[in-house]
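Working notes for the structure below.
Computed from the coordinates by the stated procedures, all read-outs in this text should not be read as laboratory data. Keep in mind the model is a prediction, meaning the values are calculated, not measured. FYI the Cβ positions are ideal-geometry reconstructions off the backbone, even for glycines, and counts take in every protein chain you see.
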Amino acid sequence: METKRKILFINHTSGSGGAEKSLASLAASLSQNLAVRVALPSRGPLYDILCHSGIPVDIFRYRPLRRSPLYGISNMLYNSCVSVPALKKIIQNNQINIVHANNAAAQLVAGPAAYSCRIPSVWHCRDMRRMGAERCLLRLYSKKIIAVSNAVQNFLLNNGFPDDNIEAVYNGINPEQFRAMPRRGNFRAVTNIPADSFVALMAANFAPWKRHDVFLRTIPSVISQIPGARFVIAGDDIYRNNPSYYTSLQKLVLDLNISGSVLFTGNVPDIRPLLSDADCLVHPAENEPFGRIIVEAMASGLPVIASDNGGPAEIIENGRSGLLIPYGNINAFAEAIIKLAKDRQFSSNMGSAAGQRAAVFTIDKTTEKMERIYDSLLS
């Protein structure tokens, strides 16, 4: 009987963002043919999801990296002296064949650990944030780089990473989870949103580049024509990187005098009840690397309005399976929301096309591509 190849995923947090959900989904799917385990710095939502799926999880000590020179250098030294040896021990004890880092922060400790054990490491690049000196280490240690979109692949090429070392692999979802949706009306009943109100949803972590401010600034124009419209913001600062961001959004709500039209839900472990009760998803982010929530919304039959850049521009067929809006154009975003609210047949047709388009982004396709990449690294 052939021994299963052993893959160790490493993540720098046990939070519940899109990157973590994608890791959990991929690990569970790969575990059908491979021996998969995951290393995390603590318990948390991701740890619970993995354990529920039967994925073994190892805990290692780790300190988050910061842009601050003082904390950045001290934490990097700690991770080099503590995190890397801990990961090396996990690799050796479990006879791991490939290390797969779920993001750049994880690769800065996963790469050296894999290198010292003479096995390949894969870096899953899920963002397009400005790089500093870490670029050299990421190039040195990454045997293969997985970009979550063509936009991320181009970003890497522009930052000097070699073309033959990068492969674009879209995140995948399980479409069945979004076909069997909760009954419409449950979320509205709990939050006292009228059944006939048009609901625009934004679901994103609290970070300035997600541009919640654009979403909020559309509201005065929309409610002037759709008075009963409601705007729901799901998410919070799950990575604790932007402590004052929520306060700034609350202030903007007050300045715009739109308190009666806006609902902040906080972090939502299961987004499906909100997708069931929403009439559209709005995603105005600046250079979203992929946009898992966009695919989830489309799979549930919800029309999506998103910025015409990054991953969303690759996911959405503009005018058919969604609407792409010039980045930061508040008036255009407002007009798109009004269009969907007033023309329900247009909205319904777009939702149907969105469901068809979402079938391109399945976890089975992602898994197949990843297994092929692993094979190439071990051949």
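Only helices enter the 222 nm calculation for the chain: every DSSP H run of n ≥ 4 contributes -39,500 (n - 2.57), and dividing by all residues gives -12500 deg cm²/dmol, rounded to 500.
Using the Karplus relation 6.51 cos²θ - 1.76 cosθ + 1.60 with θ = phi - 60°, the per-residue 3J(HN,Hα) values for segment 356-364 come to 5, 5, 4, 5, 6, 10, 9, 5, 4 Hz, with x marking Gly and Pro.
Summarising the label geometry, the points placed 7 Å from Cα in the beta-carbon direction at K339 and N257 lie 2.9 nm from one another. Sorting the segments 6-14, 257-265, 290-298, 233-241 by their residues' average number of neighbouring beta-carbon atoms within 10 angstrom, most packed first, yields 290-298, 6-14, 233-241, 257-265. A cut-off of 5 Å between modelled amide H atoms, ignoring neighbours fewer than 5 places along the same chain, links S307 with H283, A285, I325. Among the aspartates and glutamates, which fall within straight-line cross-link reach of K89, defined as a Cα-Cα distance under 20 Å, with same-chain neighbours fewer than 8 residues apart omitted? Straight-line reach from K89, under 20 Å: D58. A straight chain from D364 to L377 at 0.36 nm per residue would run longer than the Cα-Cα distance by 2.7 nm. Taking the DSSP bridge list for segment 212-326 and keeping only pairs wholly inside it, about 0 percent are antiparallel. Using just the C-alpha positions of segment 175-358 as equal point scatterers, what log10 of I(q)/I(0) does the Debye formula give at each q in 0.15 1/Å? Debye output, listed in q order: -0.81. The residues neighbouring Q177, those whose beta-carbon lies less than 12 Å from its own, together hold a net charge of 0 under the Lys/Arg +1, Asp/Glu -1 convention.
Going down the list K251/K342; K143/K210; K4/K143; K21/K210; K251/K339; K88/K369, which pairs span over 24 Å between their C-alpha atoms? Long pairs (Cα-Cα over 24 Å): K251/K342; K143/K210; K251/K339; K88/K369.
Under conditions of 10 °C and 1.306 mPa s, the chain yields 74 µm² s⁻¹ as its translational diffusion coefficient, taking Rh as the Kirkwood radius over Cα pairs in the Stokes-Einstein equation. Phi angles of segment 44-60 translate, via the Karplus equation with coefficients 6.51, -1.76, 1.60 and θ = phi - 60°, into HN-Hα couplings of x, x, 5, 4, 5, 4, 5, 4, 4, 8, x, 8, x, 10, 10, 9, 10 Hz per residue; Gly and Pro are given as x. The H on the amide N of I173, modeled in the peptide plane, is under 5 Å from the matching H of T362, I363, each at least 5 residues off or on a different chain.
Please give every one of the aspartates and glutamates within straight-line cross-link reach of K144, meaning a C-alpha to C-alpha distance under 15 Å, and leave out same-chain neighbours fewer than 8 residues apart. Once the sequence-local aspartates and glutamates are set aside, what remains near K144 is D163, D164, E167, E371, D375. For A39, the amide hydrogen comes within under 5 Å of the amide hydrogens of F9, I10, N11, D58, counting only partners 5 or more places away or on other chains and with H modelled in the peptide plane. Our coupling estimate for segment 16-29, obtained by passing each phi through the Karplus curve with A = 6.51, B = -1.76, C = 1.60 and θ = phi - 60°, is 9, x, x, 5, 6, 5, 5, 4, 4, 5, 5, 4, 5, 5 Hz, Gly and Pro reported as x.
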